[in-house]
Amino acid sequence: MSSNVESSPPVPSLLVSEPEGGLMVAIRATLARDITLLLRRRGEMLNPLVFFALVITLFPIGISPEPAMLASIAPGLLWVAALLAALLSLDSLFRGDHDDGALEQLLLSPHPLPLLALAKVAVHWLMTGLPLALMAPLLGVMLALPAGSYLVLAASLALGSAVLSLIGAIGAALTVGLSRGGVLISLLVLPLYIPVLIFGAGAVQAAVTGANVMAHLAILGALLSVALGLAPFAIAASLRISLNG
Amino acid sequence: MSLRLQARKLACERDDRWLFRDLDLTLEAGEILRIEGPNGSGKTTLLKILSGQLSGYEGELEWCGEPMRRVRRDFLANLIYLGHAPGVKAALTPLENLAWYQALAGEANAGRNGQPARMAALEAIGLGGFEDVPAGQLSAGQQRRVALARLELIPRALWVLDEPFTAIDRDGVAALEARLAQHVGRGGSVLVTTHHVLKATARLRSVRLGDA
């Protein structure tokens, strides 16, 4: 197509070859926007926390209020409940943006989609995973969790929930085009959640029995760095697939 | 380098039915290309293909003489796409909505410095006084105007507009039509689907779908 050079009208000065503003500006704006959105719909943000608290409250009533009994199952219980609470909040991660058309605009940004998606996931973790991790020691008291293990509980949940958010976002991105993706997300991501659950609950269990917790936390950290490296690309690809339909 | 979007032998199949086949079209700088056709004839699909959103098509797509797949980022840096859904967050004010779009588009002054520009864009589109009202409380037409304010705010050569006149009142339609004419007058290009009849000018060309 060599003819386009001589036949073109003047004033193509509008054309730019690269976006002017930095990538950081776009990422910061996406972070700020998603945090603002969640703060304006607090109910949505509180849902997983309330669910977490309710489930943990019911266990002493349902099983037995005996501290020794509760303490032995507390690490697993806290982790399972936190994992399900995080799962509960996943469906809304991209759904709002999909329904009002903001998602297709996100995909049309000249900036790399994996990084923009990562910003959204970071907000999800900040508003769901981190509060869950901070709340867990409080609920640990209710389950008579031994005193020395609270810090490990919070740390393992903070690390682990970040992995959960990253993996879960892949499922959320894959199902965002479906009208009812909730159950499907669970089926998709639960198998991938299992290693996180094993090492997360394992860390707390180790803290309870006085064993070395660093091995478990290190594996959680390794899982997080792998997820950080790979999940953004999987999320971006999943979003493209979902919007291609 | 001059703006030129070209499609050759474009074909798209949906549910065992060809929406269009062997479609050749070219959009050059300073042109409005209007896609016509009855409901369900594939106008939105064509627009999504031409704006690089759908990959399920046959044929070739070129941007400024290069294959679209290779220069996608360049292409996106020159594009504003307004879809069916306005992409306006109900919980955010028009100003906050625009701030995100400005940053997303890679505008240099997306932060606080951009506030006067955003105010001016909303003023120009007829939303003066509504800057701080959550978009969810605005009417459908006003929400559509928030989306249209991006055209004022973010200078881009290629506008791809899917039914931009929906829910806009008569004055707004006239203003938007004038804005389109001004944009192509400056060397920009517009790709638009609409049932609204645009004023015939030398710059306006039409492609009709759904007659096959």
Checklist outcome for this item: Counting sequence-distant residues (5 or more places) and residues on other chains, those with an amide H built under 5 Å from that of residue B:167 are none
Item to check | Candidate aspartates and glutamates - alpha carbon under 12 Å from residue A:120, same-chain residues fewer than 8 apart omitted | outcome: A:34, A:97
Next on the checklist: Give me the one-decimal nm value for the distance between modelled label points at residue B:72 and residue A:179, 7 Å along each residue's Cα-to-Cβ direction.
Outcome noted: 3.0
Next on the checklist: What distance in nm separates the two pseudo spin-label positions at residue A:39 and residue A:72, each 7 Å out from Cα along the beta-carbon direction?
Outcome noted: 4.7
Checklist entry - Relative contact order for chain B: what is it in percent, counting Cα pairs under 8 Å that are at least 6 residues apart? => result 31
Item to check | Only Lys, Arg (+1) and Asp, Glu (-1) charged, at Cβ; the range B:16-135 dipole about Cα centre in debye | outcome: 340
Next on the checklist: For residue B:26, project a label point 7 Å along Cα to C-beta. Then give me every residue of the range B:49-89 with its amide nitrogen under 15 Å of that point.
Outcome noted: B:61-66
Checklist outcome for this item: Honestly the range B:88-212 on the Cα gyration tensor test (a ≥ b ≥ c root eigenvalues; a/c under 1.5 rounded, otherwise a/b vs b/c for prolate or oblate) is just prolate
Item to check | Computed E for residue A:64/residue A:126 - FRET, C-beta separation, R0 45 angstrom, nearest 0.05 | outcome: 0.80
Next on the checklist: I'd like the Karplus ³J(HN,Hα) series for the range B:86-95: coefficients 6.51, -1.76, 1.60, θ = phi - 60°, whole numbers in Hz, and an x wherever there's a Gly or Pro.
Outcome noted: x, x, 9, 6, 5, 7, 9, 6, x, 4
Next on the checklist: Can you compute the modelled spin-label distance between residue A:233 and residue B:55, with each label point 7 Å from Cα toward Cβ, in nm?
Outcome noted: 1.4
Item to check | the range A:114-128 - phi-based ³J(HN,Hα) in whole Hz, Karplus 6.51/-1.76/1.60, Gly and Pro as x | outcome: x, 6, 5, 5, 4, 4, 5, 5, 4, 5, 4, 5, 4, 9, 10
Checklist entry - Which log10 I(q)/I(0) values, to two decimals, does the range A:89-201 give at q = 0.11, 0.14, 0.17, 0.24 Å⁻¹ under the Debye formula with one point per Cα? => result -0.42, -0.64, -0.86, -1.31
Checklist entry - So in chain B, what percent of DSSP beta bridges are antiparallel if you round to the nearest 5? => result 45
Checklist entry - What is the magnitude of the charge dipole of the range B:149-212 about its Cα centre, with +1 placed on the Cβ of each Lys and Arg, -1 on the Cβ of each Asp and Glu, and no other charges, expressed in debye to the nearest 20? => result 300
Checklist entry - Under the classification rounded if a/c is under 1.5, otherwise prolate if a/b is larger than b/c and oblate if not, where does chain A fall, given a ≥ b ≥ c as square roots of the Cα gyration tensor eigenvalues? => result prolate
Checklist entry - About its Cα centre, what dipole magnitude does the protein assembly as shown give when the only charges are +1 on Lys and Arg Cβ and -1 on Asp and Glu Cβ, stated in debye to the nearest 20? => result 120
Item to check | Cα gyration tensor shape for the protein assembly as shown, rounded if a/c is under 1.5, else prolate or oblate | outcome: prolate
Next on the checklist: Of the candidates A:155, A:122, A:68, which one comes out as most mobile in a Gaussian network treatment of chain A with C-alpha springs shorter than 10 Å?
Outcome noted: A:68
Checklist outcome for this item: Relative contact order in percent for chain A (Cα pairs under 8 Å, 6+ apart) equals 23
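Readers should treat all values here as calculations from the given coordinates under stated rules, not as data from a laboratory. Keep in mind that this is a model prediction, so the values were computed, not measured. Ideal geometry is used to build each Cβ from the backbone, glycine not excepted, and the neighbour counts take in all protein chains shown.
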